[in-house]
Every structure is written in structure tokens, then in C-alpha cells.
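Participant: The following block contains the structure, expressed as C-alpha cells.
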Amino acid sequence: MRFIFKTKYSQDINIAKHNGDRFWYSLLILIMAALPLVLDDFYLGEISYICILSIAGIGLMILSGYTGLASLGHAAFLGVGAYTHAFLLTNGIPFYASIPIVIVVSFLVGAAIGIPILRLTGMYLAIATLALGFIAEHVFIKWEHFTGGNRGLPVPQPEFLGMSFYDSVFFYYVCLVFLIAAMFAAINILRSPTGRAFVAIRDSEIAAQSLGVNLGLYKALSFAISGAFTGLAGALLAHYIGYLAPDIFNIFLSLTLLLLIVVGGMGSLHGTVFGAIFVGFLPQLIAICRDYLPSSIGSQPGLEPMLFGLILVFFILYEPLGIYGRWMKIKLFFELFPTYKRQTFKKQKVFTKSDRV
Amino acid sequence: MSLFEVKNITVAFGGVKALNDVSFGVDKGEIFTIIGPNGAGKSTLFNVISRIYEPSKGEIYFENQNISKTKPHNISKLGIARTFQNLELFENATVLQNLLLGRHIYKKTNILSEVFFTPSARKQEHEYRLKVEEVIDFLDLQHYRDTLINGLPYGVRKNVELARALCTDPKLLLLDEPSSGLTNEETIDLGFWIKDIQSLLGITIIMIEHDMSFVNKVSDRILALNYGKILASGLPEEIKNNADVKQAYMGE
Ligand SMILES: Nc1ncnc2c1ncn2[C@@H]1O[C@H](COP(=O)(O)OP(=O)(O)O)[C@@H](O)[C@H]1O
Ligand SMILES: [Mg+2]
């Protein structure tokens, strides 16, 4: 077991809490950077996709995992980012200028949607965001001038830094760099007053308010920040798919993002990466399973959504802290061996919350 | 002139008047205790001050300023902090994070400086931490900085909530049943701390309490409520011997 001897407040403020952290994370980035040496184009594409999913997951994690607000329509932001990016590129705006515009646009769309919708809570909010997803899909169909409607919109693949997005090694590096940047941005927000205010809203709105947190403002801000991350992921997704059609941004994609954060572990940024790896490889896993199932079941078209639903319910019931939570438990088990107690992670019930104020 | 004044406050929930034409004033530097049986309207009064409940009638003045229309999230900026009867801590956060939220009203950074964690954001974290550490020392919370609230015993949680309120650097502190659920020893410590908050930090305190020996030890003045109405108010000895109060409490 490691005991950290703290001598400065900055040790609590810094991202890496000790040299061990610094070593492992640097090693991870080095390995990620070296992957193109050993992997072929197909797997690099898969991992690029997982990076994109992680960025979108960070967005939804900030909203749901940290601020405690559900969203069942987050594919809408992927769509906003993807269409805005494709539109700007089509009109000759270079990649490096388009990305910041995409981030700002998605931020503003998030704020504009967030302000009215966030008066709702719980189930009502979930239904409203579900509706939002459908409305967005409709807008993508109808606003033909901007999106090409049902005909779709080809995504230009311009040169960037003298390289082409068709080059899967280059695209992989772009996605990786954006994921690392997004991670740093998210960590920074979460170790600042704004991130703490989000957590405060999640755990007790009434206390947050009494400490000076403007609930409406911070909920809208959380929606906007969440939108900005997800919009950025959408822009990268546009390059990945190459051709945008409205039905890409459907409810199934929204549920995939939800599955990602639940499986990864609510309230943890590590969880977004674990979750993205899981949902990124899930379709292949399901495809393999299909081959082994009797054809009457294996060829059912509804198999995927049903499995997604089952996995979601399984995690909520049996592994509410997700893969990251399981990882922490295993780590603690070995650190404390042989004195680990199962009760360590049992939530204590000290008093009832019936009479809240 | 009083630091804090409540004038003719009435609060109704449906037909029930939780508070009925309540008026009183609290002087600067006082420990002012509100007593009364369950359901008397004590917590409702705090929730009116916090602007969580809207009174149907009456006004509240703090430092001669009418705060009856102030937004709930601006109350703490004026210098009024509170605790809750049933604890409202941020359960899945550490003690340190809970206390740092007590500094939220002093936030100067905007979202951009936070995304890039600029030197000014870092400096602000240091400044927050200095104040938080003062409070940690004051309330003996050194052992719990990095513990999640979830894993703390009840007495420590109550202490953390008090600490969080102190981190806002309040002028007026509202404590809703601070001793309920504490052991005898913890209650004794609490008594000393409350006296210290008054004398060392110069903070005025309004406290809701049930434990009468505790109330008599720390209070400067007491107000007794029953069914939303003021039963009596005065010095501890006066309240102790008041016939109406005895009646309400013991049914004598
Ligand atoms: N939000 C509410 N809705 C309806 N009735 C309430 C509400 N809050 C308090 N009351 C009622 O107001 C009365 C006073 O409650 P309260 O102020 O909590 O009493 P106490 O003096 O025990 O703190 C009680 O009858 C209670 O049922
Ligand atoms: Mg009460």
C-alpha cells in the first residue's frame, strides 16, 4: 500500500498526485503513440473510433456523471458537431479554423437547449432529452441547405499539416491528440470551482444553492460544456464516417453513449475510456455471438438494441460503479491483501432522507 | 439597530400556517436560540431566510437591507451561511471538496481560465485552500481531508457541515439542530466550538436546538415557538421559568 506524504497544497491541486501516476500515464501515452507500428489499418480505425467515442463520453459524463442530469438524446450534439464541421469544410474553411467554430457552436446550442429544458428533473428531463434527440434528427432531415437532407452530405477530407485524413495513421494521431486534449480540459474543469459546483448540484441541490451556486446557470453551463465536447467528437466522427446522413444520429447512438458512461463507471473520467473500449468492440462481439446462436435468434434484427438494454440494466443493478469501480475494488484488494473486507464498498445507511430540509 | 430582523413572517402550506406573524430581531455577536416542539415551524423559518420557501406575508432584514426578494444563491454572498437538520453534504465527494465549495462565492475565474487551468486558477485554488485549512484546524478535521463523506461517522459529518458553512466566512450562521445525533462528548465539544465561533470569529449565530441543558449553556437569548406562533422570548432563565413554555413542552 502506498502512503503519500504531502508537504504542499499543490500536490492536491496537481493532476498527477505522485511520480508513480506520472510514470504510468506517460507510459500509456507512449504505447498509444507507438501503436501504428504494430497495428494494421483496420484496428487503427477501430481505435480512432474508440477515441472519438471517449471524447463524446467525456461530454455526457460531465452532464450525467458529474452534474447528475440525464440525457437520452446526446447523439443530437454529435450531429450538430458533424454537420457544422462538414458544412464549414465544404465552404472552404480550413480544418484548424473549423474545429474551434464547431466547439463554440455546440457550446451555444447546448446552452440554448439547456436553459429551458433544465427546469425539468429526473424522469421528465430524460423524456425531454429523448424528444430532443428525435427533433434534432428531424431538423437534420429538413434543413437541406445545411445538411443535404436525406440525400446526405459528403465530408470533405482536406489536407491538414500537409497530411490527408484518408491516411489512417494520421487520422489515428489526430483522434489521439484530441482525446488527450479533451481529457486535460475535462480534468481542469473538474478540479476548478465550476466542476465542484457540478458535483454539488448532483449530490444536493439545496446545499449547493445555499453555498451560492446558481442552479439554473450551472446546469445550463454543464449542458453547454457537455455539448462542446460531444460536438468536437461529432466533427471527428464526420471524418471517420466520410458521408453524413440524418439517421446516423439516431436514438441508438444516444443509447450507445449512455451505455458507455454507465458501463465505464458514472462519475469517473477513466470510466469514459473503459466504456468507449467496451461499446467500441461490442458490435464485433455481438457479430461473433450471432454466428454461434441458432439462426432463428441470431438473425433477429432487434438483437443489438436488446443486448444493449440488457447490459445497461445488468450494470445498473449489479455493478453501479462500472468497470472503473470494479478496477478500483480489485486494486484495493491487492493493496490490502489479506485484510480486504467486502464491506468496504457497502454504502452505509446512517439516517433517512425523508425529511430533507 | 439589530443585525438581523424578521418582521411579521407568515408561511402557509395549504391550510396549515407553519409560521404565523413571527417577528424578532437578533443583535450582532449574539447566540440566539430557537426552541419549540416538533412541527413548531423552526426549520421553516430557516428555509424562509434561505429563500427556499416564499412567505405569504412579512419581510426579512439583514444589515438593514430587505432580503425578502434576494435570489436563494445570493444569500450566502451577503454573509449568511447555514446547516441543515438532516445534513445536506455532497456525499460522493471528499471532505476537502465539500469545504472548498464553501469558497464558491469568492470565485473569480471564468470557464476559459478553468479549462486551461491558468496561473490565476491555480492561485485561486491555493487561496481557497488556505482558508479551508484554517477551518480544518479550528474544527479538528485534519484526519478526514481525503475521506469521502459516505465513509464518515455521523458526528464527523455534522462537523463537516458546520465547517463548510464557516468556510464561506459568514457574518450570520444558521444552525439547524447542531447537537441532534451527537454523543455526549461530541455535544460538549460542539458547545465550546459554538462559543469560540462567537468570541474568536465574531460570528452571530441563530440556532435551533432541542437539548435544553445545551441551550441554556450557550445561548444569550432564546425564542420559543409553538404551532408557528411566538410563545415567549427572553434570557435563558426567563424562558426556563415561563409557564407557557413548560406547558408546550411537558403538557403540564
Ligand atoms: N414543504 C412543506 N410542505 C408542506 N408542509 C410543510 C413543509 N415544510 C414544513 N411543513 C409543515 O410545517 C410545519 C413546521 O415544520 P418544521 O418547520 O419542519 O418544524 P420544526 O419546528 O420541527 O423544524 C409542520 O407541520 C410541517 O409538516
Ligand atoms: Mg426542524
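Participant: With an 8 Å cut-off on Cα pairs and a minimum separation of 6 or more residues, tell me the relative contact order of segment B:114-252 in percent.
Facilitator: 15
Participant: OK, next. Treating only the Cβ atoms of Lys and Arg (+1) and Asp and Glu (-1) as charged, compute the dipole magnitude of segment B:89-163 about its Cα centre; round to the nearest 20 debye.
Facilitator: 240
Participant: Here's a follow-up. When the scattering of segment B:40-150 is computed by the Debye formula from its Cα atoms alone, each counted once and equally, what is log10 I(q)/I(0) at q = 0.12, 0.14, 0.17 Å⁻¹?
Facilitator: With one equal scatterer per Cα and no solvent, log10 I(q)/I(0) is -0.59, -0.77, -1.01.
Participant: Also, I was wondering about something else. Using alpha-carbon positions, what is the distance between the centroids of segment B:188-242 and segment A:307-327, in Å?
Facilitator: Cα centres, segment B:188-242 to segment A:307-327: 50 Å.
Participant: So which trypsin sites (Lys or Arg not before Pro) in segment B:107-161 end up in coil per DSSP with only 16 or fewer other C-beta atoms within 10 Å? Working shown, then result.
Facilitator: Working: sites: B:K107, B:K108, B:R122, B:K123, B:R129, B:K131, B:R145, B:R157, B:K158; in loops: B:K107, B:K108, B:R145.
Those that pass, being in a loop and sparsely packed, are B:K108, B:R145.
Participant: Shape of chain A from its Cα gyration tensor (a ≥ b ≥ c, root eigenvalues): rounded if a/c is under 1.5, otherwise prolate when a/b > b/c, or oblate?
Facilitator: rounded
Participant: As an exercise, identify the chymotrypsin sites (Phe, Trp or Tyr not before Pro) in segment A:158-196 lying in DSSP coil whose Cβ has no more than 12 other Cβ atoms within 10 Å.
Facilitator: Taking segment A:158-196 and a limit of 12 other Cβ atoms within 10 Å, the loop chymotrypsin sites (Phe, Trp or Tyr not before Pro) found are A:Y166.
Participant: By how many nm would the segment from B:R145 to B:M212 lengthen if fully extended, with 0.36 nm per residue of separation less the alpha-carbon distance?
Facilitator: 20.8 nm
Participant: Ok, one more. Let me know the mean shielding of A:213-220 by other chains, meaning the per-residue number of their Cβ atoms within 10 Å of its Cβ.
Facilitator: Neighbouring Cβ atoms belonging to other protein chains average 2 per residue here.
Participant: May I pose another question? Give me the accessible area buried between chains A and B, both sides summed, with a 1.4 Å probe, in Å² rounded to the nearest 100. Intermediate results must be reported in sequence, preceding the final value.
Facilitator: Values: alone 19610 and 12690 Å², together 28320 Å².
By this definition, chains A and B bury close to 4000 Å².
Participant: Hey, can you find the accessible area per residue of segment A:33-250 for me, probe 1.4 Å, expressed in square angstrom?
Facilitator: That works out to 37 Å² for each residue.
Participant: Restricting the count to DSSP beta bridges whose residues both fall in the protein assembly as shown, what percent are antiparallel, rounded to a multiple of 5?
Facilitator: Just about 60 percent of them are antiparallel.
Participant: State, as an integer percentage, the relative contact order of segment B:89-163 based on alpha-carbon contacts under 8 Å between residues 6 or more apart.
Facilitator: Values: 52 pairs, mean separation 39.7, N = 75.
Reported relative contact order: 53 percent.
Participant: Residues of segment B:130-173 with the amide nitrogen closer than 12 Å to a label point 7 Å from the Cα of B:F192, along Cα-to-Cβ, please.
Facilitator: Correct set: B:139-140.
Participant: Okay, next question. I'd like the Kirkwood hydrodynamic radius of chain B, using the inverse of the mean 1/r over distinct C-alpha pairs, in Å.
Facilitator: Mean inverse Cα-Cα distance, inverted, gives 19.1 Å.
Participant: Still on this structure: Give me the percent of the accessible area of the protein assembly as shown that comes from carbon and sulfur atoms, probe 1.4 Å, all protein chains in place.
Facilitator: After summing per-atom areas, the C and S share lands at 63 percent.
Participant: When the Cα centres of segment A:214-289 and segment B:164-187 are compared, how far apart do they sit, in Å?
Facilitator: Each part reduced to its Cα centre gives a spacing of 43 Å.
Participant: So how many Lys-Lys pairs in segment B:89-163 land under 14 Å Cα to Cα, not counting same-chain pairs under 8 apart?
Facilitator: Summing the qualifying lysine pairs gives 4.
Participant: For a Förster distance of 30 Å, can you work out the FRET efficiency between the beta-carbons of B:K246 and B:E63, rounded to the nearest 0.05?
Facilitator: 0.25
Participant: For peptide B:77-86, compute the average count of partner chain beta-carbon atoms within 10 Å of each residue's beta-carbon.
Facilitator: Partner-chain Cβ atoms within 10 Å, mean over residues of B:77-86: 3.
Participant: How big is the dipole moment of the protein assembly as shown about its Cα centre under a simple scheme where the beta carbon of each Lys and Arg is +1, that of each Asp and Glu is -1, and everything else is neutral? Debye, nearest 20, please. Write out the running numbers ahead of the final one.
Facilitator: Details: 51 positive and 49 negative charges, 38 e Å.
That gives the protein assembly as shown a dipole magnitude of about 180 debye.
Participant: Find, among the trypsin sites (Lys or Arg not before Pro) in segment B:20-60, those assigned to loop by DSSP (not H, G, I, E, B) with at most 15 other beta-carbon atoms within 10 angstrom.
Facilitator: The qualifying sites are B:K28.
Participant: Rounded to the nearest 500 deg cm²/dmol, what is the calculated helix-only ellipticity per residue at 222 nm for chain B, with -39500 (n - 2.57) per DSSP H run of length n ≥ 4?
Facilitator: -10500 deg cm²/dmol
Participant: Still on this structure: If R₀ is 56 angstrom, what is the calculated FRET efficiency for the pair B:D137 and B:V16, using the beta carbon separation as r and rounding to 0.05?
Facilitator: Once the sixth-power term is evaluated, E becomes 0.80.
Participant: Want the number for A:K17 to A:H145: 0.36 nm per residue separation, take away the alpha-carbon distance, what's left?
Facilitator: 41.0 nm
Participant: Let me ask something else. What's the ranking of B:161-173, B:235-247, B:215-227, A:63-75 by average number of surrounding C-beta atoms within 10 Å, highest first?
Facilitator: Peptide ranking by packing, descending: A:63-75, B:161-173, B:215-227, B:235-247.
Participant: May I pose another question? In segment A:164-196, what residues drop by 10 Å² or more of accessible area when the other protein chains are put back, versus the chain on its own? Use 1.4 Å, and skip ligands and nucleic acids.
Facilitator: A:A185, A:N188, A:I189, A:R191, A:S192, A:P193, A:T194, A:R196
Participant: Sort out for me the Cα centre separation of segment B:132-146 from segment A:105-171, rounded to whole Å.
Facilitator: 46
Participant: Further question on the same structure: Select from chain A the helices, each a whole stretch of DSSP H, whose alpha-carbon atoms run 24 Å or more along the helix axis and whose Kyte-Doolittle mean is at least 1.0; answer none if there are none.
Facilitator: Helices meeting the span and hydropathy rule in chain A are A:19-38, A:41-60, A:95-117, A:122-142, A:168-190, A:215-241, A:269-292.
Participant: For Cα pairs less than 8 Å apart in space and 6+ apart in sequence, what is the mean separation divided by the residue count of chain B, i.e. the relative contact order in percent? Could the numbers behind the result be given before it?
Facilitator: Numbers: 426 pairs, mean separation 70.2, N = 252.
For chain B, the relative contact order is 28 percent.
Participant: Students sometimes get this wrong: rank A:I323, B:I188 by accessible area, probe 1.4 Å, all chains present, largest first. Please list the in-between numbers first.
Facilitator: Working: A:I323 50, B:I188 90 Å².
Descending accessible area places them as B:I188, A:I323.
The values are calculated or read from the model by the stated rules, or taken from the named source; none is laboratory data. Just so it is clear, the structure is predicted and the values come from calculations on it, not from any experiment. A quick note on method: Cβ atoms are made from the backbone with ideal geometry, for glycine too, and the neighbour counts reach across all protein chains shown. Areas reflect the complete protein model, heavy atoms only, side chains present, ligands, DNA and RNA absent. Shrake-Rupley method; radii C 1.70, N 1.55, O 1.52, S 1.80 Å.
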